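In what follows, a single structure is set out as structure tokens and then discussed.
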Amino acid sequence: MEQSLLITYLLAIPLIGSLLLIFINKKNEQLIKYFGIAVSLLAFVVSLIIYFGFNDQSGEFQFIHKFDWVKDLNISYHVGADGLSIILILLTTFLTPLTLLSSWNSIKRNLKEFIFFMLILELGMLGVFVSLDMFLFYVFWEAMLIPLYFISGIWGGERKIYASIKFFIYTMAGSLLMLVAIIWLIVYSSNLLGGFTSNLLDLYKTGPTIDTTIQGFLFLAFALSFSIKVPLFPFHTWLPDAHVEAPTAGSVILAGVLLKMGTYGFLRFNLPLFPQASIDYAIPISILAVIGIIYGALVAMVQTDMKKLVAYSSVSHLGFVMLGIFALNQEAVQGSMIQMINHGLSTGALFLLVGMIYERTHTRKISDYGGIAKLVPFFSFALLFTSLSSIGLPGLNGFVGEFLILTGAFKSTVLDSWWFAAFSATGVIFAAVYLLWMYKKIVFGEVTNPNLNSLTDLNRREKLVLAPIFVFIIWIGIYPGTFLKITDKTSENIIRLVTSPQNQLPVENVDVP
Amino acid sequence: MQIPIEYYLVLSAFMFSVGIVGVLTRRNAIIVFMSVELMLNSANLALVTFSSYLGDTTGQLFVFFVMAVAAAEAAVGLAIIIAIFRNKLTVNIDEINILKW
Amino acid sequence: MTLEVILFILFGLICIISAVLMVTRPNPIISALFLVLNFCSLAGLYLILNAQFIAVAQVIVYAGAIMVFFLFVIMLLNPEKEKRFLEHKPKLKIFTIVVVALVLIQLIYMIFLAHPNDSMTNKVSESVNAGTIESIGREMFTNYVLPFEAAGYLLLAATIGALVLAKKKFE
Amino acid sequence: MIDLIYLTVLFPLLGFLFNGILGPKIRSEKVIGIVGSSAIGIPFIVTVGALIQTLSLPVDQRLNIATLFQWINVAGLNINFSYQVDQLSLLMSLIVTGVGFIIHVYSIGYMHGDKSFWRFFAYLNLFIFAMMNLILADNFLLLFLGWEGVGLCSYLLIGFWYDRKFENSTTSSAGLKAFVVNRIGDFGFLLGMFLIYSTFGTLVFTDVFSRAVAFDVPEHIFTLIALFLFIGAVGKSAQIPLFVWLPDAMAGPTPVSALIHAATMVTAGVYMVARCNIIYASAPTAMMVVAVFGIFTAFLAATIGLVQNDIKKVLAYSTVSQLGYMFLAMGAGAFSAGIFHVMTHAFFKALLFLGAGSVIHSMHEAQDIRKYGGLKKYMPVTYATFLIAATAISGIPPLSGFFSKDEILWYSYSNLGIIFWLLGLITAMFTAFYMFRLYFMTFEGQEKFSAKGGSEVGGDHHKLHPHESPKLMTVPLIILAVLSIIGGFIGIPEIFSGEHGNIFHSWLAPVFKLAEFKMMNISSHSHFEELVLMIVSVAAAASSIFFARHIYLKKPAIAEKFSSGFKGAYNILLNKYFIDEVYEASIVKPMVKGSENILWKIADNKMIDGLINSLAKLVGSVSNNIRKIQTGVAQSYALVMILGILVALFWIIISYS
């Protein structure tokens, strides 16, 4: 198979799949479900092929595929992947079939549309992770909001409209400043290079030459957009609402993949494009990240709604990722990358579990539960296991990421202070408090709510959904080398771009037609 | 061809302005509609004027098309007016203000 | 004062007066009749401009077909008479007239500013040729055959549209 | 056998997986018990094999590392799953697997009939797995894996009977408390690790320790590292101020208390400090802090232990107190003495707990010692072994407790000063007192459980029939009793055994070589002094035993008088100095309330989200006003259009002329 076309195939699968889906009869729900899962599994297979074809000895982009799109503006369809993209592609294609499987029975109406939007969503997410053209990236970045808007707006909970509009407008509004910054950057680079270009690789060369003050503004414009997506404190308030109202599949994708786009954006765009500004703003952003870690944890502690609790825990966890990114050394950045995956798995699994129990009881209030360990032993085990992974128990995935991030932050020369790591480490304590507290209230004690007595344990399908996630939770916990190896050179490359950007800018070397 | 072209154009402009006044001030939908026809015709006059002063047929062709469009417009427009009248029992524009918010 | 000039002044005055009257009369039937007059004098102007075919079409299509249609609808609906022109909301109307007058002044100013006469031909023969049915027909069925077809479809669509809209009920 | 050391980790893991996955389907206590016990019995054999092999090696080659596979490799951070087999880890493994095996066997009898029998053994095996990782780790991170792992198992096992009430709350609350308090300690441990990594660039023990000697690192860095790590130890080993979880941990089944909360897990902090001896030796300030915390914990816990009425609570506070001793030893630089006490303590404290378990078992879950009495004749084996253990912990020669405790007292006197010794001595007296108070009230004197209609304990309204426990439980007691008696003989002080006569000390000496080299300033004292102090402490212990006998056996009225005479002090002690309440009021409550009322409801909902929503509302209300311009009258739109044309034309004219 032609290597350079692999990513295009990957993007084509959900697209073609969703188009074919249109021709399936709406009544034939079984076929629709199997078709959706088959398409997403096919995408997973292709991403595995990409993974195995990836050369982890190089930090450069691979599988590059490029052809002209808007020729006059030199905008092209330009995709490629480095280690960071690969792991996020894997995460996306891994989670999508699982979420489809998890919503086997929970989507009661408009199933066909639901699967259609899920596939389109997958396309959008994958597109964001592989775009090497600013313009293409922006298109995917915005386009991906649409299916999610529909997913949470149509199949969501009581206040679904409020939540989905809030989510949509909030993230959209953030992106607009980024668009301005992108245009500025492109125009600037065009003047410098003597030709219009939105090629990210060219912009990498021109970005560092921008005057420091302007770099700061551009950095902030990009950062605002990504921070909202992450979400970095204090831009997080859309998240609990969106999570609570979205259907399980939406929550899983939202937490598992969408939030990573923000952190991905920081790593892919902010750091290499504006190295000086990144270093200047590392401390303020890290402070926000640390506040987010503690704040998210404290607020999570007092939630009464399970989904909200998990949502706030995401704020806390993503704070770790942000801290790691701006610690700007290899331990921390690699920790951040692996933590993105970890969070996708753990929080995704938490949302799946909450969704599974919700399907049975139709309540998410923690106080409605209690003592279900006796009734649903496997569910209790799964919830404990996932919580422990999220808490960062050594031997499970969460620990590897958190440890690397904190180690990196501790010795970071950019942050140049222990306090960041010290304060963030308290998040480790709080994580145990809020998750195990919730666990205690839900699972332990006597059964107080008579409605719970008819609760049934997880069925085979639900176990099938959770099992692969659990395998990876342990895998990353015990042998993270598989994943660290992929991101090794990439993180090295990103850090090099920030700390020692090639300021020489040999204009004649830049490939601009 | 002794008359300067400007005269025709000024005449056209004047008719056009009168048409605008009609559109803006009259409350009867049918008269508003007729004022629109008047404006169309003032444009036609300008087209014909240019056509003959340039010795080019194109302008007159356009007038021909304008007429076709005007006929179509009159048919559809009057049909709409009839439909509205049926619902509201009036053709008074002030009272047909559902086009808001 | 050739005949041409005299006719221009005559038709032009009729045009202006009938237009103003058409806009200001409260009774829609009278307005419509003034509009017919206006169209007819326009046809006269077209003849002065050597556009014979258009002049004929103007009388037949506009003054004949369309205006009859208008009158038909007016009589069908028989709307109440409006108040006299300046009785209702006079300030707004005067304001509107002033604004439109200003636009008119600007237009006239621009017309004279542009000196269009300089680039125009003075050969009567050319303008006569341009206005014949033959030349219009040739143009229409060669270079403009596509717009011609489109206009045909437009009319068809309008016919159907009018039928649908004017039908009593949508069942 | 050294190469096979990974089996000591693997088998408990396999046992865990077997019992955890197949357990609920098998439902045969026999199979589960045998699998569970052999999952730790085999590691014991392997450990013994490794010990024998290590003994055959020359002294300088007794440190072996068995690497399994790479764990984390990022930048300079290269961490493997590899196990360090040296004198210290072998010793600890022997204790853990040996005592662990005994307790496993005991549990088969104790947990008989429990509906979650399989779960219990799965957790126990998982615990051993984590504990072995902790002990055998060759780097801080793997140690931390075990460290957190044992914390997890402790959490799971404390809350094992998750639907039972415990004191004012539930067992699961107790478990949660244990986990969270441990996490607070782990937070310190993490910081210690970060500092170690950023200072030495590695987390592997051998490298860190050799670099600690070789690198020119300022002392305050060592102090910080040592203190951070000590925070971890304080959490895990239940020292002031984080000891509050251990008494609550008694909510778990008694074998769990014996294994985790007495013999093994809680000593992990001591082990860790001993492992990092060179770091502590380089930081005298930190050593002093350790010693002070140790002695105060020992003293404080002993005072609380004096008045507790729950049999397991007494033992719990005794454990805290003994752990304080061990830290005192660490702080005094007597690492091997501390480890020695870890070992002997494991024997007799496990024995005490198992004995208590046996009593509780026969008394149908009643734990209040005021409702016992005169059990001697019903349960002879339990009685005899319990007496041995109580004597051992009181420090009566020649039982094991005497040797280890006396060594610690001696070092605290010679290295730290007389105040430490004095406090240690008083603590020892208290220890002897409350242990025998417990003993007398349980086994001697009148039977108080037979009071007609009075005993409500365990929900039983009929008369209790105490009976000796089955063989499966008494045999482990006997083995442990034997160990408690002879365990001390491997560490006979040099004044009795001559130069290098202390086998224990010379065995561990290579591990602490560097540290002892660094602490050359230790003053030497004469053997005479040592002997005098020894006699004093034995006499003190013996006298408090007699005192206890006098009060609780002969004249119980005195105890009544005391407790009513010093009501204030008594209440303070009975309520553990109100530390739980103080924590609750000063930390937990404000944090939860603050988070709920200020952070969530005000900061998050009102301020941050309010700001966002009011921005949205602002746009909404502005639009709401603007939309009134859209009157719906087409003519007004046209008028505006004309105005626009007017302006546009004006602009065109201006720009042309």
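The values are calculated or read from the model by the stated rules, or taken from the named source; none is laboratory data. In this text the structure is predicted, and so the values were computed from the model without any measurement. All Cβ positions, even for glycine, are placed from backbone atoms using ideal geometry, and neighbour counts span all protein chains on display.
At-a-glance table
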read-out: Subset of segment B:51-67 [within 8 Å of chain C (Cβ to nearest Cβ) and either surrounded by fewer than 19 Cβ atoms within 10 Å (Cβ to Cβ) or touching an Asp or Glu at 6+ places or on another chain (Cβ under 9 Å) (or both)]; value: B:52, B:54, B:55, B:56, B:57, B:58, B:60, B:61, B:65
read-out: Test result for residue B:10, without any contact (Cβ under 8 Å) to a residue 24 or more places away in the chain, closer than 17 Å to residue C:20 by Cα, more than 12 Å from the chain's Cα centre (by Cα) and within 7 Å of chain C (Cβ to nearest Cβ); value: yes
read-out: Test: residue D:171 is farther than 24 Å from residue A:297 by Cβ and facing another protein chain (nearest Cβ under 10 Å); value: yes
read-out: Top-ranked residue in segment A:469-483 [being at the interface with chain D (Cβ under 10 Å from one of its Cβ atoms) and free of Cβ contacts under 8 Å to residues at least 12 places away in the same chain; ranked as farthest from residue A:337 (Cα to Cα)]; value: A:479
read-out: Check on residue A:359, buried (at least 24 other Cβ atoms within 10 Å of the Cβ) and of a type in the set (D, E, K, R); value: no
read-out: Filter pass, residue C:99 being at the interface with another protein chain (Cβ under 7 Å from one of its Cβ atoms) and without any contact (Cβ under 8 Å) to a residue 40 or more places away in the chain; value: yes
read-out: Of all residues making up segment D:615-636, the number that are at the interface with chain B (Cβ under 10 Å from one of its Cβ atoms) and either not in a helix (DSSP H, G or I) or not hydrophobic (A, V, I, L, M, F, W, C) (or both); value: 9
read-out: Number of positions in segment A:431-468 that are touching a residue at least 40 places away in the same chain (Cβ under 8 Å) and basic (Lys, Arg); value: 3
read-out: Flag for residue A:131 being touching a strand residue (DSSP E or B) at 6+ places or on another chain (Cβ under 7 Å) and either free of Cβ contacts under 8 Å to residues at least 40 places away in the same chain or among the polar types (S, T, N, Q) (or both); value: yes
read-out: Sole residue being at the interface with another protein chain (Cβ under 7 Å from one of its Cβ atoms), under 16 Å from residue B:33 (Cα atoms) and either among the aliphatic types (A, V, I, L, M) or surrounded by fewer than 23 Cβ atoms within 10 Å (Cβ to Cβ) (or both), chosen from C:42, C:35; value: C:35
read-out: Residue count, segment A:37-66 (criterion: in contact (Cβ under 8 Å) with a residue 12 or more places away in the chain, outside any loop (DSSP other than H, G, I, E, B) and within 17 Å of residue A:482 (Cα to Cα)); value: 6
read-out: For residue C:83: the one exception among (1) within 30 Å of residue B:25 (Cα to Cα); (2) surrounded by fewer than 16 Cβ atoms within 10 Å (Cβ to Cβ); (3) at pLDDT 90 or above; value: (3)
read-out: Helices (runs of 4 or more DSSP H) contained in segment D:515-592 and holding at least 3 residues under 22 Å from residue D:437 (Cβ atoms); value: D:527-549, D:556-565, D:567-574
read-out: Selection from segment A:67-97 of residues that are among the hydrophobic types (A, V, I, L, M, F, W, C) and in a helix (DSSP H, G or I); value: A:84, A:86, A:87, A:88, A:89, A:90, A:91, A:94, A:95
read-out: Condition met for residue B:72 (more than 8 Å from chain C (Cβ to nearest Cβ), under 16 Å from the mean Cα position of the chain (by Cα) and over 30 Å from residue C:112 (Cα atoms)); value: no
read-out: Residue check for residue B:84: more than 7 Å from every other protein chain (Cβ to nearest Cβ), in contact with a Lys or Arg (Cβ under 7 Å, 6 or more places away or on another chain), surrounded by fewer than 21 Cβ atoms within 10 Å (Cβ to Cβ) and not charged (D, E, K, R); value: no
read-out: Positions within segment C:41-84 being farther than 18 Å from residue C:137 by Cα and among the aromatic types (Phe, Trp, Tyr), in sequence order; value: C:62, C:69, C:70, C:72
read-out: Breaking point among (1) within 13 Å of chain D (Cβ to nearest Cβ); (2) touching a residue at least 12 places away in the same chain (Cβ under 8 Å), for residue A:321; value: (1)
read-out: Evaluation of residue A:385 against (1) modelled with pLDDT under 90; (2) closer than 29 Å to residue D:158 by Cβ; (3) in contact with a helix residue (DSSP H, G or I) (Cβ under 8 Å, 6 or more places away or on another chain) (one fails), failing number; value: (1)
read-out: Any hit, segment A:398-408, residues being among the hydroxyl-bearing types (Ser, Thr, Tyr) and at the interface with another protein chain (Cβ under 9 Å from one of its Cβ atoms); value: yes
read-out: Any chance residue A:30 is surrounded by fewer than 18 Cβ atoms within 10 Å (Cβ to Cβ), in a helix (DSSP H, G or I) and among the polar types (S, T, N, Q); value: yes
read-out: Condition met for residue D:198 (surrounded by fewer than 23 Cβ atoms within 10 Å (Cβ to Cβ), among the hydroxyl-bearing types (Ser, Thr, Tyr), facing chain A (nearest Cβ under 8 Å) and more than 21 Å from residue D:256 (Cα to Cα)); value: yes
read-out: Criterion violated by residue D:223 - all others in (1) out of contact with any Lys or Arg (no Cβ under 8 Å at 6 or more places or on another chain); (2) crowded, with 24+ Cβ neighbours inside 10 Å; (3) at pLDDT 90 or above satisfied; value: (2)
read-out: Filtered residues of segment C:60-91 (kept if facing another protein chain (nearest Cβ under 8 Å) and free of Cβ contacts under 8 Å to residues at least 12 places away in the same chain); value: C:61, C:65, C:66, C:69, C:73, C:76, C:77, C:88
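Table: residues versus (1) of a type outside the set (Phe, Trp, Tyr); (2) within 26 Å of residue C:153 (Cβ to Cβ).
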residue	(1), (2)
B:3	yes, no
B:17	yes, no
B:43	yes, yes
B:55	yes, no
B:62	no, yes
B:75	yes, yes
